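Please treat every number below as a calculation from the coordinates, not as lab data. What you see is a predicted model, and the numbers here were worked out from it, not measured in a lab. When we count neighbours, we look across all protein chains shown, and the Cβ atoms used for this are built from the backbone with ideal geometry, even at glycine.
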Amino acid sequence: MTMAQKRRSGLLIPLFAAPSRESWGIGDIGDIARLTEWLASGGQRILQLLPLNEMASGGQSPYSAMSAMAIDPIYIRVTDIAEFQALGGEASLNAEDRERLAHARAASKIEYNVVRPVKDRALHAAFERFADYEWSKNSTRAAQFQAYVEKEAWWLDDYALFRALHEREKRSWAEWPDGLAARDPGALARARRELARQILFYQYLQWIAGSQWEHARAAAGAHGVALFGDLPFLVDLHSADVWSEQEEFELDRSVGVPPDAFSATGQDWGMPPYNWTVLARNGYHWLHSRARRSATLYDGYRVDHLVGFFRTFSRPRVGDGEPLFSPSKQVAQLRLGERVLNIFREAGSEIIAEDLGTVPDFVRAALTVLGIPGFRVLRWEREWDEEGKPFRDPVQYPVNSVATTGTHDTEPLMTWWEGADDEERKAVVEVSCIRAAAGDVDLLNAPFVPAVRDALLEAMFASASSILLLPVQDVFGWRDRINEPATVNDDNWSFRLPWPIDTMASEPEARERQDALRQWAERHGRV
């Protein structure tokens with residue numbers, strides 16, 4: 001039995017959504033140990049995270065990043081940094097920042113505009129202490145930092161220079177002085193001299209984040225829980241990656257999707273598409289680098305927007321030119337997608353593929369040939385061409401697949417159930433494994449009571465899919481949504497659990513859900 005065929009279950013919980021009492025109003029790397037401990041006690045073996053890449057300046061979407069490699073410093077546990085402890089810890093913060101921190105901890109959602117500035121000031125203070133007491137004295141700790149910088153130079157050098165320039169220029173790299181925008185060697189050398197201390201700061205942050213991540217991953221492993229990440233399809237136009245690999249992107253075009261279930265007009269994400277011709281000529285070096293970095297961080301990861309790696313939909317950034325797919329021919333699309341997926345897999349991580357939306361049949365056929373699990377979302381798994389559009393019974397899902405009730409982009413299970421019409425409810429009732437899990441519950445007429453929630457959840461545990469990943473909101477039956485596609489607002493990506501993660505073991509509702517998850521996992525062979 002391959003790893004992909006081993007029956008396991010886990011939860012999708014964004015790291016930002018799971019702060020503890022110790023963290024600063026947002027879940028951080030130090031919270032992973034408590035999170036995986038809670039999951040393990042519930043018989044769960046996978047923690048699926050959303051991307052942890054450094055978000056675009058002023059943004060809060062993890063899918064629009066200014067680096068495909070760097071961990072966002074917002075996820076650093078500041079109180080675990082030796083230099084911050086030496087400064088006196090939280091007591092070293094000024095009164096205003098202590099007040100802001102208390103507000104962020106008590107808030108019902110993640111308040112990025114509060115958390116990020118407070119953390120940034122604390123991280124700068126910790127770095128200054130490091131520079132003065134460690135770096136300047138060539139201490140043992142400084143030597144450890146230097147070893148990290150040399151080991152990670154393959155991505156860290158360009159990233160740290162980009163971040164220092166971004167801080168100084170405060171505008172898109174395309175608007176930087178010509179020498180810097182075009183990466184003239186002389187201009188870059190001057191910038192490295194002029195910004196040496198700022199570059200050191202950004203290297204220091206990644207060293208701290210990387211060290212904390214190693215401890216978190218070891219803790220998850222000790223709990224028997226695999227950490228799964230998420231590889232976004234692209235990065236922001238204003239990113240270290242696009243700036244350093246300009247020829248590998250089509251800077252005059254913008255990626256999106258054609259009209260689909262989420263948007264009648266399609267979506268425009270504003271990110272530049274890959275120049276597949278140049279990537280191929282360069283041996284797909286940058287994609288190899290992304291796979292290498294992801295394998296360093298995760299036991300496995302979800303490949304976001306899989307179809308884009310077969311064929312990328314884009315529009316001209318300005319003007320009225322035609323949207324198009326690249327490559328344009330199916331044979332080339334198939335060849336490209338298979339090549340990219342093999343690159344990701346060769347780095348050593350287990351991969352699963354987000355094959356949702358408008359996806360050609362040949363893409364899913366390629367996943368089957370390659371043995372890579374695609375997704376089976378309960379509400380969309382129907383025989384759409386048959387009369388009554390019957391739901392597929394989860395026990396008939398392919399073994400090599402990922403079953404789920406929803407994604408970070410879908411409405412929660414509760415909202416879907418409440419919005420289902422009589423015809424859809426009737427189709428649900430006719431699914432044998434759902435009916436068996438429901439017992440004597442009248443699914444056709446019942447509101448979303450706990451018995452309905454649990455019948456749908458247990459049916460997913462009974463599915464033939466080797467992997468089951470459930471959004472945490474669906475496990476509890478909450479209305480909270482992580483993201484609403486094609487919208488930009490402060491509610492997206494700001495969901496947080498109602499309790500600190502370090503108190504969940506004593507919360508009656510959380511304990512009840514933990515017990516239910518463990519019983520289902522044991523009953524259906526997922527432990």
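Per q in 0.19, 0.24, 0.31 Å⁻¹, report the Debye log10 I(q)/I(0) for the range 360-413, using one uniform scatterer on each alpha carbon and no solvent.
-0.78, -1.09, -1.18
What translational D, rounded to a whole number of µm²/s, comes out for the range 245-373 from Stokes-Einstein when the hydrodynamic radius is the Kirkwood one over Cα pairs, at 4 °C and 1.567 mPa s?
Translational diffusion coefficient: 84 µm²/s.
How many angstrom separate the Cα center of the range 288-327 from the Cα center of the range 236-250?
What the calculation gives is 13 Å, centre to centre.
In degrees, nearest 10, range 0 to 90: what is the angle between the Cα axis of helix 450-461 and the longest Cα principal axis of the chain?
80 degrees
With θ taken as phi - 60° and the coefficients 6.51, -1.76 and 1.60, list the Karplus ³J(HN,Hα) couplings across the range 154-171 in order, rounded to whole Hz; mark glycine and proline as x.
Each residue of the range 154-171 in turn: 4, 10, 6, 4, 5, 4, 5, 5, 4, 5, 5, 5, 4, 5, 6, 7, 6, 7 Hz.
Could you give the size of the charge dipole of the chain about its Cα centre, using +1 on the Cβ of each K and R and -1 on the Cβ of each D and E, expressed in debye and rounded to the nearest 20?
That gives the chain a dipole magnitude of about 1320 debye.
Under 15 Å Cα to Cα from Lys137, which aspartates and glutamates show up? Leave out anything in the same chain fewer than 8 places away.
Glu83, Glu128
Which angle from 0 to 90°, rounded to the nearest 10, does the C-alpha axis of helix 95-106 make with the longest principal axis of the chain?
It works out to around 10 degrees.
Calculate the length of the line joining the C-alpha centroid of the range 209-228 to that of the range 419-456, in whole Å.
Distance between centres, Cα-based: 38 Å.
Mind checking which lysines have their Cα closer than 18 Å to the Cα of Lys109? Skip sequence neighbours fewer than 8 apart in that chain.
Cross-link targets: Lys119.
Relative to the longest principal Cα axis of the chain, at what angle does helix 285-297 sit, 0 to 90 degrees, rounded to 10?
Between the helix axis and the principal axis of the chain, the angle is about 80 degrees.
Relative contact order, percent, of the chain when contacts are C-alpha pairs under 8 Å separated by at least 6 residues?
20 percent
Tell me which trypsin sites (Lys or Arg not before Pro) from the range 317-357 have a DSSP coil assignment and no more than 13 other beta carbons within 10 Å of their own.
Lys329
Which values, in whole Å and largest first, are the semi-axes of the equivalent ellipsoid of the chain obtained as the square root of 5 times each eigenvalue of the Cα gyration tensor?
For the chain, the semi-axes come out at 39, 30, 20 Å.
Around Arg141, what is the net charge, scoring Lys/Arg as +1 and Asp/Glu as -1 over all other residues with Cβ under 10 Å from its Cβ?
-1
Rounded to the nearest 5, what % of DSSP beta bridges with both residues in the chain are antiparallel?
30 percent
Mind checking the range 181-273 for chymotrypsin sites (Phe, Trp or Tyr not before Pro) that DSSP puts in a loop (not H, G, I, E or B) and that have at most 16 other Cβ atoms within 10 Å?
Sites meeting the loop and neighbour criteria: Phe262.
Can you pull the Rg over Rh of the range 166-286, Cα-only, Kirkwood?
When Rh is taken as the Kirkwood radius, the ratio is 1.06.
Based on the alpha carbon coordinates of the range 309-384, what radius of gyration and maximum Cα-Cα distance (Dmax) apply, in Å?
14.6, 43
Between the alpha-carbon centers of the range 56-108 and the range 120-165, tell me the distance in whole angstrom.
Spelled out, the Cα-based centre of one part sits 17 Å from the other.
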